[in-house]
1. Identify the residue in segment 109-138 that is of a type in the set (A, V, I, L, M, F, W, C) and at pLDDT below 90 and, among all such residues, is farthest from residue 218 (Cα to Cα).
2. Of the conditions (1) small (Gly, Ala, Ser); (2) in contact with a Leu (Cβ under 8 Å, 6 or more places away or on another chain); (3) loosely packed, with under 15 Cβ neighbours inside 10 Å, residue 49 satisfies every one except a single condition; which number is it?
3. So is residue 22 crowded, with 17+ Cβ neighbours inside 10 Å and in contact with a helix residue (DSSP H, G or I) (Cβ under 6 Å, 6 or more places away or on another chain) or not?
4. Show the residue pairs that are 6+ apart or on different chains and have beta-carbon atoms under 7 Å apart, the first residue being within segment 93-112 and within 28 Å of residue 131 (Cα to Cα), the second being assigned to a loop (DSSP other than H, G, I, E, B).
5. Name every residue in segment 211-250 that is basic (Lys, Arg) and either over 18 Å from residue 154 (Cβ atoms) or modelled with pLDDT of 80 or more (or both), in order of residue number.
6. Can you name every residue in segment 281-298 that is under 28 Å from the mean Cα position of the chain (by Cα) and modelled with pLDDT of 80 or more?
7. Of the residues in segment 43-102, how many are farther than 27 Å from residue 139 by Cα and of a type in the set (S, T, N, Q)?
Amino acid sequence: MFERITINRQSLSGEPIDLGFLAECLLFYGKVRVVADVETFRYLVRCCGPDELRELLAMEALEIEFFDNITGIGTVQTNIGPLHEFTVIDSNALRYPQVSRKLFDELAGPSGKGANRMFRRFEQLVRRSRYTPEMLEEVQTDILDNAYVGPAIKSLLSLLAPEYVVPSPFVFRVEPVLKGGTYKVTTNIDFGAANASYNRHVPQSRSTLTVAYLLSHIADTRRDLVIGSRFESEFAVAPERALIGAHKFAKVMSAAGRGIQAADLFQETVIDAVPNIREVVNSGKRNFRDVAHLVRQAERFRAWLKKQGNAEDLRRAYCQDVAHLDWADKLPPKSLRWLMISAAGFGLGAIAGPVAGTIAATALSAGDTFLLDRLLKGWKPNHFIEGPLKQFLRDS
């Protein structure tokens, strides 16, 4: 506690930094970092005073990280409606050398006295960074998670436009277009009514509510969390970002809990009559060399799990996949009878060992090696469960 704190823009519609809050942080925290854009940097220099700010920077009590670009949402009108794209915006007007040079010239006045000295001193003390396209890649996963985005946008609307009655059921669904990177949004928000409320609190000249504006909160929250986490510090951000972040963390924790519960139920039902993975490892019967070997064998199984998405009942998905051989549906009854015998021979390999299983399958499949080849190539999740996993558990 009180080691580090990162302060990002604290208000999106008013003064970017609460100076009293900054002062408190400088007294209580060992290191205070301010993430600055053009407006934030100009505000700090003008309100704190260039000499005082430089002294705090030189003491290393304060650090300013100036970002030479910004992130944004590009919107284009198409025959299927507006499409939105996340982007990084570069401009000379956003870069630190141009911003600081102009600011210190203004502070020096017509005489220009001291402008060069201030410019050089701050240039040595202000850290410069850039938002990268890679920082936005995680955003694209976020916005397609409707279980997160829908509730987050709904809460954000209630904060920004408190007089607006959010429709029920609320719709805010993001879908990728073509190969992704561009997105279409379906929503039942009445932006006319929402802005009537929003602009009671924020001047229309400053901003209005749009789909792109709401998406930018989702994107910028993820971006700010990435930047803040690099410092391993506490965060201080605008209420809008804090609200979105709370939804994100709640979603992460909720998902983790559901995943653990689903895995436990799956093991309890599918891997019966043997200890589970946690038990054999914690008991010392298996070490992490064994675990690493099993993980290598589980590559296709993990790919199968990933395809299940948010399915909480893995048992049902497993049973459906194991029981269904869609290519076999079209086979004549004679071939299906043979297939059942061949499958029994294949299953024997998981119990009696690969040699015995091969011999049994060969003996029973003399009539049609093609079907057996199809069966062996048609990987199912039980191939991992009944083979490597149960061997890992039984032999412990």
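The values are calculated or read from the model by the stated rules, or taken from the named source; none is laboratory data. It should be emphasised that the depicted structure is a prediction, and the values quoted were computed from it without experimental measurement. FYI the Cβ positions are ideal-geometry reconstructions off the backbone, even for glycines, and counts take in every protein chain you see.
1. Looking at residues that are of a type in the set (A, V, I, L, M, F, W, C) and at pLDDT below 90, I get 135.
2. (2)
3. Numbers: crowded, with 17+ Cβ neighbours inside 10 Å: yes; in contact with a helix residue (DSSP H, G or I) (Cβ under 6 Å, 6 or more places away or on another chain): no.
So residue 22 does not fit the description; no.
4. Here the result reads 94/68; 95/68; 96/68; 96/126; 105/112, each pair linking segment 93-112 to a residue that is assigned to a loop (DSSP other than H, G, I, E, B).
5. 222, 223, 230, 241
6. 297
7. Of the residues in segment 43-102, 2 are farther than 27 Å from residue 139 by Cα and of a type in the set (S, T, N, Q).
Results for (1) β-branched (Val, Ile, Thr); (2) farther than 29 Å from residue 57 by Cα, shown as yes or no for each residue.
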position: 111; (1), (2): no, no
position: 139; (1), (2): yes, yes
position: 145; (1), (2): no, yes
position: 149; (1), (2): yes, yes
position: 164; (1), (2): no, yes
position: 171; (1), (2): yes, yes
position: 174; (1), (2): yes, yes
position: 179; (1), (2): no, yes
position: 195; (1), (2): no, yes
